[in-house]
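As structure tokens, the structure follows; a few thoughts come after it.
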């Protein structure tokens, strides 16, 4: 006797489609869960700040020579240095006498080129790892005296000026010093361009080098106080 199946071709195709859909459901659910997990991880790891925007931090923690500093982002002069973490050197500037970080660079245009040489209104600061080189205090005490002109120096308003001999590496400079408040600055003399002063101090593993116009020495106490305030404000928590 011949037995015929009661299952039609249409029913077979329907069953196959049903089985295929039943396999796709777990796969789809797995994809949804995987996408959700990836989105959650990305949300948790995505940076919560940047160097721009209303919610950006005002300062960056930067380590120079193993010493931590908290530096205003807008005071950092080079964009490549505007990141947290260890750095070999970083350059900043601050408005004087307010010591505020500048809001932006000053641009010279065709209309202002004739008046571009205006008085400097900023104090410049470089922070660099010293790698156990001779300290600024040692240099002032042991190196500079070899090159001084032997003429006696008379303090004026508490500030003493010593002149370097013309046949020395510092022949176009003078050294200014004071004790209260403490100040030591090596300054170039006015020539085709206004003279500039350089004052150094060591903080932990870093040397701080301040630069400012020589003309500011007419109010040297304010300059000395400004450098001390910046040193204190920028220094991060002591470990």
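Remarks
- Residue satisfying condition, being in contact with a strand residue (DSSP E or B) (Cβ under 7 Å, 6 or more places away or on another chain), surrounded by 14 or more Cβ atoms within 10 Å (Cβ to Cβ), at pLDDT 95 or above and under 16 Å from residue 60 (Cα atoms), within set 122, 82: 82
- Test for residue 224: is it at pLDDT 95 or above and either closer than 17 Å to residue 93 by Cβ or surrounded by 16 or more Cβ atoms within 10 Å (Cβ to Cβ) (or both): yes
- Residue 138 falls short on exactly one of the conditions (1) assigned to a helix (DSSP H, G or I); (2) farther than 24 Å from residue 66 by Cβ, and that condition is (2).
- Any hit, the range 199-212, residues being farther than 15 Å from residue 159 by Cβ, touching a residue at least 60 places away in the same chain (Cβ under 8 Å) and over 18 Å from the mean Cα position of the chain (by Cα): no
The values are calculated or read from the model by the stated rules, or taken from the named source; none is laboratory data. Keep in mind that what you see is a predicted model, and the values were worked out from it rather than measured. Ideal geometry is used to build each Cβ from the backbone, glycine not excepted, and the neighbour counts take in all protein chains shown.
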